[in-house]
1. Kindly evaluate E174 against the criterion of being surrounded by 13 or more Cβ atoms within 10 Å (Cβ to Cβ), acidic (D, E) and at pLDDT below 90.
2. Could you say whether any residue in segment 128-142 is touching a residue at least 40 places away in the same chain (Cβ under 8 Å) and under 19 Å from A83 (Cα atoms)?
3. Please determine whether any residue of segment 12-25 is modelled with pLDDT of 95 or more and under 14 Å from the mean Cα position of the chain (by Cα).
4. Are there any pairs with C-beta distances below 8 angstrom linking a residue in segment 165-190 that is closer than 17 Å to R132 by Cα to a residue that is among the hydroxyl-bearing types (S, T, Y) and crowded, with 17+ Cβ neighbours inside 10 Å, with the two at least 6 apart or on different chains, and if so which?
5. Of the residues that sit in segment 119-144 and are among the small types (G, A, S) and more than 23 Å from E174 (Cβ to Cβ), which one is surrounded by the most Cβ atoms within 10 Å (Cβ to Cβ)?
6. Taking segment 101-157, which residues are more than 16 Å from L64 (Cβ to Cβ) and among the polar types (S, T, N, Q)?
Amino acid sequence: MLYHSPPFDCRCGTAMPIDSPPLPCSVLLLSGGRGQRMGGQDKGLLAWRGQPLISHLHARVRPLTDDLIISCNRNLQQYAAYADQLVSDDSPDFPGPLAGIRAGLGAARHEHLLILPCDVPLVDARLLADLRQTAQLNPRLPVMVRHGEFWEPLICVIPTYLRNDVERAWDAGERSPRRIFLQLGGIGLECPADDPRLANLNTPELLHPRSGVSE
């Protein structure tokens, strides 16, 4: 059963008026990695609680957008069932998540792009609403989740007008989304340090814990 109503709150600053419509956004699910910690398997298609990881993320974000993009470099036919658009890296050597972000920014049909990795199936509607609200209050800046001293640059909302800045950083050799987003004035959505919604199920042990170990 997915984690729907955690006793965890993220601080997103000034509240929006009650009647404000949600921020329109495209959504990018990152599933284009090499899967090294999973023995080279395509992580987004690995089963968790009876469904592929990508299916859990799809169920969470599908109601939020009419432009759901998946970044993938393998098994395109399987991923197509979960997306409105597929994008792939423009380099064959799995250069990292920034390559998928660049492709997603280029394809996005809305002025903001909500980004999630495929291995965070515990993210809930509240966290995504807080991200979008923070982006709505700061429409020209990247918004990343932050917990304690740690940034989560792959759980974020980016205004798509920054695509050219991201491209320039890439051309200059930068490969860290965190550094780029901070250089572009990125701000944090502050979450508790032990927020379980941010768990990355990126190893076999985390994806399928031993009996008696909580997920």
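The values are calculated or read from the model by the stated rules, or taken from the named source; none is laboratory data. None of the values given here were measured: they were computed from a predicted structure. For neighbour counting, all protein chains shown are included, and Cβ atoms are generated from backbone atoms with ideal geometry for every residue, glycine included.
1. In short, no.
2. yes
3. Yes, some residue in segment 12-25 is modelled with pLDDT of 95 or more and under 14 Å from the mean Cα position of the chain (by Cα).
4. Close Cβ pairs (under 8 Å, with a partner that is among the hydroxyl-bearing types (S, T, Y) and crowded, with 17+ Cβ neighbours inside 10 Å) amount to I187/T134; L189/T134.
5. A129
6. If the condition is that a residue be more than 16 Å from L64 (Cβ to Cβ) and among the polar types (S, T, N, Q), then N138 is the only one that fits.
Every residue, every condition in (1) at pLDDT below 95; (2) surrounded by 19 or more Cβ atoms within 10 Å (Cβ to Cβ), yes or no:
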{"site": "Y82", "(1), (2)": "no, yes"}
{"site": "G96", "(1), (2)": "yes, no"}
{"site": "A103", "(1), (2)": "no, yes"}
{"site": "P117", "(1), (2)": "no, yes"}
{"site": "L162", "(1), (2)": "no, yes"}
{"site": "R179", "(1), (2)": "no, no"}
